[in-house]
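Q: The structure follows.
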Amino acid sequence: MVDKLSSIKASFEADVQLVTNLEQWEVLRVKYLGRKSQLSDAMSLLKDLSGDQRRDFGKHANEVRTFLEVVLEDTRIALEAKGTHANRIDVTRPGTKKQTGHLHPLTRVEDEIKQIFLAMNFSVVEGPEIETEHYNFDALNVPANHPAREMWDTFWIKGEQGKQKGKTGPTEALRYLLRTHTSPMQIRYMEKNTPPFQIIVPGRVFRYEATDASHEINFYQMEGLMVGPHISLANFKYVIEEFFKKFFNDPAMQFRFRPSYFPFVEPGVEVDIKRKGDSKWLEVMGAGMVHRNVLKAVGYNPEEVQGFAFGMGTDRLAMLKYKIPDIRLLYSGDLRFIQQFKK
Ligand code: PHE
(Lines give C-alpha, C1' and ligand atoms only; values in the text may rest on other atoms or scores of the structure.)
Protein backbone atom coordinates (compact mmCIF):
# COMPACT_ATOMS: atom_id res chain seq x y z
CA MET A 1 0.00 0.00 0.00
CA VAL A 2 2.72 2.39 0.93
CA ASP A 3 4.54 1.41 -2.25
CA LYS A 4 1.46 2.48 -4.13
CA LEU A 5 1.74 5.95 -2.63
CA SER A 6 5.43 6.15 -3.53
CA SER A 7 4.76 5.21 -7.10
CA ILE A 8 1.99 7.93 -7.38
CA LYS A 9 4.46 10.49 -6.08
CA ALA A 10 7.21 9.35 -8.46
CA SER A 11 4.99 9.40 -11.52
CA PHE A 12 3.66 12.86 -10.51
CA GLU A 13 7.21 14.20 -10.22
CA ALA A 14 7.95 12.95 -13.72
CA ASP A 15 4.71 14.33 -15.21
CA VAL A 16 4.99 17.76 -13.65
CA GLN A 17 8.28 18.31 -15.45
CA LEU A 18 6.45 18.11 -18.78
CA VAL A 19 3.82 20.74 -18.04
CA THR A 20 4.40 23.91 -20.08
CA ASN A 21 1.06 25.74 -19.95
CA LEU A 22 -2.04 26.17 -17.80
CA GLU A 23 -4.18 23.78 -19.86
CA GLN A 24 -1.68 20.96 -19.30
CA TRP A 25 -1.49 21.95 -15.65
CA GLU A 26 -5.26 21.54 -15.26
CA VAL A 27 -5.11 18.04 -16.83
CA LEU A 28 -2.35 17.13 -14.40
CA ARG A 29 -4.28 18.45 -11.42
CA VAL A 30 -7.36 16.37 -12.31
CA LYS A 31 -5.19 13.29 -12.90
CA TYR A 32 -3.52 13.46 -9.47
CA LEU A 33 -6.02 15.20 -7.20
CA GLY A 34 -9.36 14.64 -8.96
CA ARG A 35 -12.14 12.35 -7.75
CA LYS A 36 -10.97 9.55 -10.04
CA SER A 37 -7.29 9.86 -9.24
CA GLN A 38 -5.13 6.97 -8.01
CA LEU A 39 -4.68 8.82 -4.75
CA SER A 40 -8.40 9.06 -4.21
CA ASP A 41 -8.77 5.34 -5.04
CA ALA A 42 -6.09 4.52 -2.48
CA MET A 43 -7.80 6.66 0.16
CA SER A 44 -11.09 4.84 -0.39
CA LEU A 45 -9.36 1.61 0.74
CA LEU A 46 -8.61 3.15 4.15
CA LYS A 47 -11.86 1.95 5.65
CA ASP A 48 -10.88 -1.71 5.08
CA LEU A 49 -7.68 -1.39 7.08
CA SER A 50 -7.16 -2.19 10.76
CA GLY A 51 -6.38 0.55 13.31
CA ASP A 52 -2.57 0.86 13.20
CA GLN A 53 -2.31 0.25 9.49
CA ARG A 54 -5.02 2.77 8.83
CA ARG A 55 -3.22 5.47 10.89
CA ASP A 56 0.11 4.83 9.15
CA PHE A 57 -1.33 4.75 5.71
CA GLY A 58 -3.58 7.74 6.31
CA LYS A 59 -0.68 9.83 7.53
CA HIS A 60 1.39 8.85 4.53
CA ALA A 61 -1.39 9.47 2.06
CA ASN A 62 -2.01 12.92 3.52
CA GLU A 63 1.68 13.77 3.19
CA VAL A 64 1.61 12.76 -0.46
CA ARG A 65 -1.51 14.81 -1.08
CA THR A 66 -0.04 17.88 0.56
CA PHE A 67 3.11 17.40 -1.49
CA LEU A 68 1.06 17.26 -4.73
CA GLU A 69 -0.92 20.35 -3.76
CA VAL A 70 2.15 22.39 -2.92
CA VAL A 71 4.02 21.43 -6.07
CA LEU A 72 0.94 22.03 -8.22
CA GLU A 73 0.41 25.48 -6.70
CA ASP A 74 4.05 26.44 -7.24
CA THR A 75 3.85 25.19 -10.81
CA ARG A 76 0.70 27.24 -11.46
CA ILE A 77 2.28 30.41 -10.12
CA ALA A 78 5.35 29.85 -12.26
CA LEU A 79 3.23 29.28 -15.39
CA GLU A 80 1.15 32.42 -14.79
CA ALA A 81 4.23 34.51 -14.25
CA LYS A 82 5.58 33.22 -17.55
CA GLY A 83 2.32 34.20 -19.30
CA THR A 84 2.37 37.68 -17.80
CA HIS A 85 5.92 38.05 -18.85
CA ALA A 86 4.92 37.48 -22.48
CA ASN A 87 2.37 40.33 -22.20
CA ARG A 88 4.68 42.72 -20.51
CA ILE A 89 5.51 45.98 -22.38
CA ASP A 90 8.50 45.53 -24.60
CA VAL A 91 10.29 48.84 -24.21
CA THR A 92 12.39 48.20 -27.28
CA ARG A 93 9.35 48.18 -29.60
CA PRO A 94 8.55 51.36 -31.57
CA GLY A 95 5.48 53.07 -30.06
CA THR A 96 2.09 53.51 -31.75
CA LYS A 97 1.30 57.16 -32.35
CA LYS A 98 -1.82 58.54 -30.62
CA GLN A 99 -4.28 60.21 -32.99
CA THR A 100 -5.14 63.70 -31.79
CA GLY A 101 -7.60 66.14 -33.28
CA HIS A 102 -6.75 69.56 -34.66
CA LEU A 103 -8.41 72.63 -36.11
CA HIS A 104 -10.01 72.48 -39.54
CA PRO A 105 -8.15 74.62 -42.11
CA LEU A 106 -11.14 76.94 -42.42
CA THR A 107 -11.21 77.50 -38.67
CA ARG A 108 -7.53 78.23 -38.74
CA VAL A 109 -7.87 80.76 -41.55
CA GLU A 110 -10.84 82.39 -39.80
CA ASP A 111 -8.70 82.68 -36.65
CA GLU A 112 -5.82 84.21 -38.59
CA ILE A 113 -8.14 86.81 -40.11
CA LYS A 114 -9.64 87.64 -36.71
CA GLN A 115 -6.21 88.11 -35.14
CA ILE A 116 -5.18 90.67 -37.76
CA PHE A 117 -8.37 92.70 -37.37
CA LEU A 118 -8.37 92.46 -33.58
CA ALA A 119 -4.91 94.04 -33.67
CA MET A 120 -6.48 96.97 -35.57
CA ASN A 121 -9.10 97.37 -32.82
CA PHE A 122 -11.98 95.66 -34.65
CA SER A 123 -14.49 93.63 -32.63
CA VAL A 124 -15.80 90.23 -33.70
CA VAL A 125 -19.58 89.76 -33.76
CA GLU A 126 -21.78 86.99 -35.14
CA GLY A 127 -25.35 86.67 -36.36
CA PRO A 128 -27.99 84.10 -37.29
CA GLU A 129 -27.71 81.77 -40.28
CA ILE A 130 -31.47 81.76 -40.71
CA GLU A 131 -32.38 85.32 -41.61
CA THR A 132 -35.42 87.29 -42.62
CA GLU A 133 -35.89 88.70 -46.04
CA HIS A 134 -35.80 92.09 -44.35
CA TYR A 135 -32.25 91.83 -43.02
CA ASN A 136 -30.82 89.83 -45.89
CA PHE A 137 -32.26 92.09 -48.62
CA ASP A 138 -34.68 94.93 -47.94
CA ALA A 139 -32.74 96.75 -45.25
CA LEU A 140 -29.68 96.42 -47.47
CA ASN A 141 -31.38 98.47 -50.17
CA VAL A 142 -32.48 95.42 -52.18
CA PRO A 143 -36.30 95.59 -52.23
CA ALA A 144 -38.48 92.75 -53.57
CA ASN A 145 -38.43 92.53 -57.36
CA HIS A 146 -35.20 94.48 -57.51
CA PRO A 147 -33.08 92.84 -60.21
CA ALA A 148 -30.09 92.86 -57.85
CA ARG A 149 -31.73 90.03 -55.92
CA GLU A 150 -30.56 87.78 -58.71
CA MET A 151 -27.00 88.32 -57.51
CA TRP A 152 -27.80 85.91 -54.70
CA ASP A 153 -29.44 82.55 -55.45
CA THR A 154 -31.44 82.05 -52.33
CA PHE A 155 -32.61 79.09 -50.27
CA TRP A 156 -36.04 80.21 -49.13
CA ILE A 157 -37.51 78.54 -46.11
CA LYS A 158 -40.92 76.99 -46.67
CA GLY A 159 -43.96 77.47 -44.56
CA GLU A 160 -44.05 79.76 -41.60
CA GLN A 161 -43.93 83.38 -42.51
CA GLY A 162 -41.96 85.55 -40.17
CA LYS A 163 -44.14 88.63 -39.80
CA GLN A 164 -41.43 90.87 -38.57
CA LYS A 165 -41.75 94.57 -38.95
CA GLY A 166 -38.41 96.04 -39.82
CA LYS A 167 -37.81 98.43 -36.95
CA THR A 168 -36.00 100.74 -39.28
CA GLY A 169 -38.09 100.74 -42.41
CA PRO A 170 -41.49 100.31 -43.89
CA THR A 171 -40.79 96.79 -45.15
CA GLU A 172 -42.48 93.87 -43.53
CA ALA A 173 -40.21 90.90 -43.98
CA LEU A 174 -42.53 88.02 -44.66
CA ARG A 175 -40.19 85.19 -45.41
CA TYR A 176 -37.27 83.40 -43.81
CA LEU A 177 -34.24 82.30 -45.78
CA LEU A 178 -30.71 81.00 -45.29
CA ARG A 179 -28.58 84.13 -45.35
CA THR A 180 -26.85 84.56 -48.70
CA HIS A 181 -24.15 86.78 -47.19
CA THR A 182 -22.99 88.12 -43.83
CA SER A 183 -24.13 91.66 -44.74
CA PRO A 184 -27.41 91.40 -42.75
CA MET A 185 -25.26 91.72 -39.65
CA GLN A 186 -24.36 95.25 -40.79
CA ILE A 187 -28.00 96.17 -40.20
CA ARG A 188 -28.44 94.18 -36.99
CA TYR A 189 -25.32 95.76 -35.52
CA MET A 190 -26.07 99.33 -36.61
CA GLU A 191 -29.61 99.12 -35.19
CA LYS A 192 -28.22 98.42 -31.74
CA ASN A 193 -25.01 100.47 -31.66
CA THR A 194 -23.89 104.02 -32.05
CA PRO A 195 -20.84 104.98 -34.14
CA PRO A 196 -17.93 105.14 -34.13
CA PHE A 197 -17.21 101.40 -34.23
CA GLN A 198 -15.47 98.83 -36.35
CA ILE A 199 -16.51 95.18 -36.53
CA ILE A 200 -15.88 92.00 -38.44
CA VAL A 201 -18.49 89.26 -38.83
CA PRO A 202 -17.34 85.74 -39.58
CA GLY A 203 -20.02 83.26 -40.58
CA ARG A 204 -21.51 80.64 -42.83
CA VAL A 205 -23.60 81.66 -45.81
CA PHE A 206 -25.70 79.73 -48.32
CA ARG A 207 -26.26 79.94 -52.06
CA TYR A 208 -28.67 77.89 -54.10
CA GLU A 209 -26.39 77.09 -56.99
CA ALA A 210 -24.57 74.25 -58.73
CA THR A 211 -21.35 73.16 -57.08
CA ASP A 212 -18.00 73.00 -58.82
CA ALA A 213 -14.35 73.49 -57.91
CA SER A 214 -14.98 77.09 -56.87
CA HIS A 215 -18.63 77.01 -55.74
CA GLU A 216 -20.30 75.34 -52.78
CA ILE A 217 -23.90 75.66 -51.59
CA ASN A 218 -22.51 76.77 -48.26
CA PHE A 219 -19.29 78.59 -47.56
CA TYR A 220 -17.87 81.16 -45.17
CA GLN A 221 -17.61 84.91 -45.37
CA MET A 222 -15.94 87.60 -43.33
CA GLU A 223 -17.86 90.84 -43.31
CA GLY A 224 -16.30 94.10 -42.21
CA LEU A 225 -17.93 97.38 -41.22
CA MET A 226 -16.43 100.61 -39.95
CA VAL A 227 -18.67 103.60 -39.25
CA GLY A 228 -17.86 107.02 -37.82
CA PRO A 229 -17.43 110.68 -38.65
CA HIS A 230 -15.20 111.34 -41.67
CA ILE A 231 -14.70 107.69 -42.63
CA SER A 232 -13.68 107.53 -46.27
CA LEU A 233 -12.47 105.13 -48.92
CA ALA A 234 -8.94 106.14 -47.97
CA ASN A 235 -9.50 104.55 -44.53
CA PHE A 236 -10.81 101.43 -46.22
CA LYS A 237 -7.81 101.28 -48.52
CA TYR A 238 -5.39 101.51 -45.62
CA VAL A 239 -7.15 98.93 -43.44
CA ILE A 240 -7.61 96.39 -46.19
CA GLU A 241 -4.10 96.69 -47.62
CA GLU A 242 -2.75 96.27 -44.11
CA PHE A 243 -4.89 93.17 -43.68
CA PHE A 244 -3.90 91.43 -46.91
CA LYS A 245 -0.20 92.16 -46.53
CA LYS A 246 -0.27 90.54 -43.11
CA PHE A 247 -2.52 87.66 -44.13
CA PHE A 248 -0.33 86.63 -47.04
CA ASN A 249 2.84 87.76 -45.33
CA ASP A 250 3.76 89.78 -48.41
CA PRO A 251 4.48 93.47 -47.67
CA ALA A 252 5.13 94.23 -51.33
CA MET A 253 1.87 92.92 -52.77
CA GLN A 254 -0.06 95.05 -55.28
CA PHE A 255 -3.69 96.18 -55.07
CA ARG A 256 -6.31 97.21 -57.56
CA PHE A 257 -9.64 98.81 -56.63
CA ARG A 258 -12.16 98.34 -59.44
CA PRO A 259 -15.54 100.09 -59.54
CA SER A 260 -18.35 97.60 -59.00
CA TYR A 261 -21.97 97.43 -57.96
CA PHE A 262 -23.61 96.24 -54.76
CA PRO A 263 -26.96 97.82 -53.83
CA PHE A 264 -25.89 98.58 -50.24
CA VAL A 265 -22.75 100.56 -51.08
CA GLU A 266 -22.00 103.65 -53.11
CA PRO A 267 -19.46 103.77 -54.56
CA GLY A 268 -18.90 100.03 -54.73
CA VAL A 269 -15.56 98.43 -55.43
CA GLU A 270 -13.99 95.07 -55.97
CA VAL A 271 -10.49 94.48 -54.67
CA ASP A 272 -7.87 92.57 -56.64
CA ILE A 273 -4.49 91.53 -55.33
CA LYS A 274 -1.27 90.41 -56.97
CA ARG A 275 1.22 88.69 -54.69
CA LYS A 276 4.89 88.05 -55.19
CA GLY A 277 4.97 85.38 -57.89
CA ASP A 278 1.32 85.75 -59.00
CA SER A 279 1.03 86.12 -62.76
CA LYS A 280 -2.48 87.56 -62.74
CA TRP A 281 -4.78 89.66 -60.58
CA LEU A 282 -6.91 87.75 -58.09
CA GLU A 283 -10.30 89.07 -57.04
CA VAL A 284 -10.61 88.87 -53.27
CA MET A 285 -13.53 90.97 -52.04
CA GLY A 286 -16.49 93.22 -52.62
CA ALA A 287 -16.66 96.48 -50.70
CA GLY A 288 -17.66 100.12 -50.76
CA MET A 289 -18.97 103.06 -48.79
CA VAL A 290 -22.17 102.21 -46.92
CA HIS A 291 -25.11 103.54 -48.98
CA ARG A 292 -26.92 106.58 -47.56
CA ASN A 293 -30.20 104.68 -47.78
CA VAL A 294 -28.79 101.99 -45.52
CA LEU A 295 -27.49 104.53 -43.01
CA LYS A 296 -30.83 106.32 -42.99
CA ALA A 297 -32.74 103.05 -42.62
CA VAL A 298 -30.94 102.32 -39.34
CA GLY A 299 -31.55 105.85 -38.09
CA TYR A 300 -28.11 107.32 -38.73
CA ASN A 301 -27.62 110.74 -40.30
CA PRO A 302 -25.48 110.29 -43.47
CA GLU A 303 -24.31 113.90 -43.11
CA GLU A 304 -22.77 113.07 -39.74
CA VAL A 305 -21.40 109.57 -40.16
CA GLN A 306 -20.06 107.55 -43.01
CA GLY A 307 -18.80 104.02 -43.22
CA PHE A 308 -17.15 101.43 -45.34
CA ALA A 309 -18.15 97.77 -45.60
CA PHE A 310 -16.51 94.77 -47.17
CA GLY A 311 -17.20 91.08 -47.61
CA MET A 312 -14.72 88.40 -48.47
CA GLY A 313 -14.82 84.64 -48.92
CA THR A 314 -12.97 82.88 -46.13
CA ASP A 315 -12.82 79.68 -48.19
CA ARG A 316 -11.37 81.57 -51.12
CA LEU A 317 -8.65 83.09 -48.96
CA ALA A 318 -7.86 79.66 -47.51
CA MET A 319 -7.63 78.24 -51.03
CA LEU A 320 -5.29 81.02 -52.18
CA LYS A 321 -3.10 80.82 -49.10
CA TYR A 322 -2.77 77.04 -49.01
CA LYS A 323 -3.09 76.36 -52.76
CA ILE A 324 -6.24 74.27 -52.37
CA PRO A 325 -7.52 73.49 -55.88
CA ASP A 326 -11.16 72.61 -55.08
CA ILE A 327 -13.47 74.22 -52.49
CA ARG A 328 -15.30 70.91 -52.06
CA LEU A 329 -12.21 69.44 -50.40
CA LEU A 330 -12.89 71.72 -47.43
CA TYR A 331 -16.23 70.00 -46.85
CA SER A 332 -15.33 66.45 -47.88
CA GLY A 333 -14.36 65.19 -44.43
CA ASP A 334 -11.48 63.40 -46.14
CA LEU A 335 -8.84 62.95 -43.46
CA ARG A 336 -6.04 62.65 -46.02
CA PHE A 337 -6.80 66.27 -46.91
CA ILE A 338 -7.62 67.58 -43.43
CA GLN A 339 -4.57 66.10 -41.74
CA GLN A 340 -2.22 68.09 -43.94
CA PHE A 341 -3.22 71.09 -41.84
CA LYS A 342 -2.10 69.63 -38.55
CA LYS A 343 0.19 72.08 -36.86
N1 PHE B 1 -22.29 90.89 -49.39
C2 PHE B 1 -21.60 90.95 -50.65
C3 PHE B 1 -21.63 89.58 -51.30
O4 PHE B 1 -21.76 88.60 -50.62
C5 PHE B 1 -20.17 91.42 -50.49
C6 PHE B 1 -20.08 92.83 -49.98
C7 PHE B 1 -20.08 93.11 -48.65
C8 PHE B 1 -20.04 93.88 -50.88
C9 PHE B 1 -19.98 94.42 -48.18
C10 PHE B 1 -19.95 95.18 -50.45
C11 PHE B 1 -19.93 95.45 -49.10
O12 PHE B 1 -21.55 89.45 -52.49
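The values are calculated or read from the model by the stated rules, or taken from the named source; none is laboratory data. All figures in this text were calculated on a predicted structure; none of them were measured in a lab. Virtual Cβ from ideal backbone geometry, glycine too; neighbours counted across all protein chains shown. Side chains are part of the model used for accessible areas, which takes the heavy atoms of the whole protein and leaves out ligands, DNA and RNA. Shrake-Rupley method; radii C 1.70, N 1.55, O 1.52, S 1.80 Å.
Q: Treating only the Cβ of Lys, Arg, Asp and Glu as charged (+1, +1, -1, -1), what charge dipole size does region 2-82 show about its Cα centre? Round to the nearest 20 debye.
A: In debye, rounded to 20, region 2-82 gives about 240.
Q: State the extension gain, in nm to one decimal, for the chain segment bounded by E63 and K97, taking 0.36 nm per residue of separation less the distance between their alpha-carbons.
A: 6.6 nm
Q: Below 24 Å, Cα to Cα, which lysines can K82 reach? Residues fewer than 8 away in the same chain don't count.
A: K31
Q: Right, next: Quantify, in whole percent, the carbon and sulfur part of the accessible surface of region 2-82 (1.4 Å probe; protein heavy atoms only).
A: Reported share for carbon and sulfur atoms: 54 percent.
Q: Per DSSP helix of 4 or more residues, -39500 (n - 2.57); summed, then divided by the residues of the chain. What does that give at 222 nm, rounded to the nearest 500?
A: Calculated mean residue ellipticity at 222 nm is -12000 deg cm²/dmol.
Q: How fast does the chain diffuse by Stokes-Einstein, in µm²/s, taking the Kirkwood radius from C-alpha pairs at 4 °C and 1.567 mPa s?
A: 49
Q: While we're on this one: Pull out the extension gain between D56 and R204, defined as 0.36 nm times the separation in residues minus the alpha carbon to alpha carbon distance; nm, one decimal.
A: Extra length from D56 to R204 when fully extended: 43.8 nm.
Q: For the chain, what is the accessible area per residue in Å² when the probe is 1.4 Å?
A: Here the per-residue accessible area is 57 Å².
Q: Beyond 29 Å between alpha-carbons counts as too far, so tell me which of K98/K245; K274/K296; K114/K342 fall in that bin.
A: K98/K245; K274/K296
Q: Checking the cross-link filter: which aspartates and glutamates have an alpha carbon closer than 13 Å to that of K9, excluding same-chain neighbours under 8 positions apart?
A: E63, E69
Q: In addition: Leaving ligands, DNA and RNA out of it, report the carbon-plus-sulfur percent of the accessible area of region 188-343 at a 1.4 Å probe.
A: Here carbon and sulfur together make up 51 percent of the probe-accessible area.
Q: Please enumerate, by chain and number, the aspartates and glutamates with C-alpha under 18 Å from the C-alpha of K276, excluding those fewer than 8 residues away in the same chain.
A: Correct list for K276: E241, E242, D250.
Q: Now for a separate question. At 0.36 nm per residue, and after removing the present C-alpha to C-alpha distance, how many nm does the segment from I89 to A234 gain when stretched out fully?
A: Length gained between I89 and A234: 45.5 nm.
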